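Here is the structure we will look at.
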Amino acid sequence: MKKALVIGSEGNVGVPLANYLRRRGYEVLESDIVPSFRDNYFMADINHAVDLLPAFDWGPDVVFLLSAVVSRVTCEQASSLAIATNMAGVNNVLQLCRRAGAMTVFFSTSEVYGPECDPMDEAISDPRPNNRYGLSKLLGEKLVEYEVASHGLRAVVLRPFMMYDEEEDFGDHRSAMIRFAYNLATGQPITVHTGSARGWMHVSDAVAAIEAAAHVDQYSVINIGHPEIKPIATLAEMIRQELNASPDLITYEPLPSRMTLVKRPKLERQSKILGIEPKVSLAEGVRRVCQRVRQRIQQGETIARAA
């Protein structure tokens, strides 16, 4: 039985990934900065690597490194924390992976590409991120690449594009999919950025791709995402129709600064190296999200806001 350490286990990707790994027969140890008192869990901040030592002494075969300071807005506001975590924190984990002889799957972001790369091709693109989030994650990738070339670390870098989950936390900081569904289901307006387009990958496909990376023998940088690229306006209209919401709730505005208008990934490596073809279509995903969001709202779930 393979041992997997999931760092960042309490996030919207970490939770379903840990569950998926167990279903695949892994022995799983989880770690995150969120306090929790349960078996097979370590509370730790990757900026303070000493707290992770027991997890690495456990002897993981593969480490899934998902922990990061994320989002364009957050990384601009908390710039020092973003740089410390997404670079020094990543370096801490990489050193521990070397010490344990563990394979490393580093979860980066499509934000590394910036607006000038179209299509976004891992093999030929020259990434030029236009926000601190993308920049710090690209520099984290460079640390991984350095450890592979200089010290023999076994690793794969994943660049995820838009992922979503019907169980995703509600909140203004979340993906457009869950924000649009929550707002339209509760009669609140949504804003669409004119001309923007994305592909949307359901978390069930995403975790299969992440786990598949643990079986890759040679260092690779791999995009993971859905090939069905749709305007965000189309996504909004699909959700509106599914929820039977008023068209008046949808408004349009230009793209804010430090964002990328269209993300069009090349996905040949996802198919050829990982062996993954997404199974959940956008239409099916929208149906799942809208149905589940209705249920969650009926059960009294709302956006958690600070007092």
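Some points to look at:
- Scanning segment 129-151 for residues that are of a type in the set (Phe, Trp, Tyr) and surrounded by 17 or more Cβ atoms within 10 Å (Cβ to Cβ) yields a count of 1.
- Residues that are part of a loop (DSSP other than H, G, I, E, B) and aromatic (Phe, Trp, Tyr), drawn from segment 1-37: Tyr26, Phe37
- Residue in segment 113-121 that is in contact with a helix residue (DSSP H, G or I) (Cβ under 6 Å, 6 or more places away or on another chain), touching a residue at least 24 places away in the same chain (Cβ under 8 Å) and surrounded by 20 or more Cβ atoms within 10 Å (Cβ to Cβ) present: no
- Scanning segment 145-196 for residues that are under 21 Å from Glu237 (Cα atoms) and among the β-branched types (Val, Ile, Thr) yields Ile178, Thr186, Ile190, Thr191, Val192, Thr194.
- Segments classed as strands (runs of 3 or more DSSP E), wholly inside segment 152-268, with at least 1 members that are surrounded by fewer than 18 Cβ atoms within 10 Å (Cβ to Cβ) and charged (D, E, K, R): 229-231, 250-253
- In segment 1-50, residue surrounded by the most Cβ atoms within 10 Å (Cβ to Cβ) [restricted to those that are within 19 Å of Val70 (Cβ to Cβ) and of a type in the set (Ser, Thr, Tyr)]: Ser31
- If the condition is being crowded, with 23+ Cβ neighbours inside 10 Å, modelled with pLDDT under 95 and of a type in the set (Val, Ile, Thr), then segment 56-102 contributes no residue at all.
The values are calculated or read from the model by the stated rules, or taken from the named source; none is laboratory data. This structure is a prediction, so every number in the text was calculated from the model and none was measured. Cβ: placed from backbone, ideal geometry, glycine included. Neighbour counts: every protein chain shown.
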